[in-house]
1. Considering only residues that are under 12 Å from P185 (Cα atoms) and in a helix (DSSP H, G or I), look in region 45-64 and name the one that is farthest from the chain's Cα centre (by Cα).
2. Of the conditions (1) open to solvent by 20 Å² or more (accessible area, probe 1.4 Å); (2) assigned to a loop (DSSP other than H, G, I, E, B), E38 satisfies every one except a single condition; which number is it?
3. With respect to D67, determine if the residue is part of a helix (DSSP H, G or I), charged (D, E, K, R), open to solvent by less than 30 Å² (accessible area, probe 1.4 Å) and modelled with pLDDT of 90 or more.
4. Go through (1) open to solvent by 60 Å² or more (accessible area, probe 1.4 Å); (2) free of Cβ contacts under 8 Å to residues at least 12 places away in the same chain; (3) over 23 Å from S75 (Cβ atoms) for A132 and report which single condition fails.
5. Which residue is most open to solvent (accessible area, probe 1.4 Å), if the candidates are limited to region 135-164 and must be within 28 Å of T54 (Cα to Cα), of a type in the set (D, E) and over 14 Å from the mean Cα position of the chain (by Cα)?
6. Just for region 25-35: of the residues that are part of a helix (DSSP H, G or I) and of a type outside the set (D, E), which one is surrounded by the most Cβ atoms within 10 Å (Cβ to Cβ)?
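The values are calculated or read from the model by the stated rules, or taken from the named source; none is laboratory data. Worth saying up front: this structure is predicted, and the values here are computed from it rather than measured. Backbone-built Cβ (ideal geometry, glycine too); neighbour counts: all protein chains shown. Accessible surface areas use protein heavy atoms only, side chains included; no ligands, DNA or RNA. Shrake-Rupley method; radii C 1.70, N 1.55, O 1.52, S 1.80 Å.
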Amino acid sequence: MTDTVQLLRRHAPRTWQRMLSGRRLNLLEPSPMDVEIEDIALGLARNTRWNGQTVGDHAWSIAQHSDLVVQIMRSFRPKPPPWLLMAGQLHDASEYVTHDLITPLKAVVGDVFREVEARLTAAIHIRFGVPALLDPEHKKIIKKADQIAAATEAVQLAGFTAEELKPVLGIKARPLANVTLVPLPSREAERLFLAGFHRLEQEMALAAPTRG
């Protein structure tokens, strides 16, 4: 157990959260057995990107962002294998518990947040057949798609100009020109996230015999 976890245990009277599935997830030492995709989909569909500061009648959710990242990854050549696409689908899945802290706030919170996030991510990956830790090359592929998605969201939804992306947000990617982002009601975002997840499950199962 790390010093960070020991510190949190001393200050937190309860380190678990009960999910609507009935699972009791330990936030400091999460078990893959307590991770359910329905809980993740619900949480991500109800949590917002950009602190909710986006245009439209509905928020742009982490669920929709995750689907967009996978859509972008599918356009890469060579196309990433299904298990890596699943890692893209789940790249922000820990935020069903931690929520989406904007970058300036993450910098303030620091190591404690990063460790909790890393432990949750590892448990989620194991639960759904993705390596607990991704190597740098695979992380880079997901990060590239994540940056393209963020650039597109910033310009279309969050009030930034393309000229502000690099100097203000540190995003070097260019926004997509052929995609129109439409924030959806949370229930629809949840449904689409689950549909995308189950499609990737099927793709992973079909690819399993040849995965090396």
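1. R46
2. Exception for E38: condition (2).
3. no
4. (1)
5. E163
6. P32
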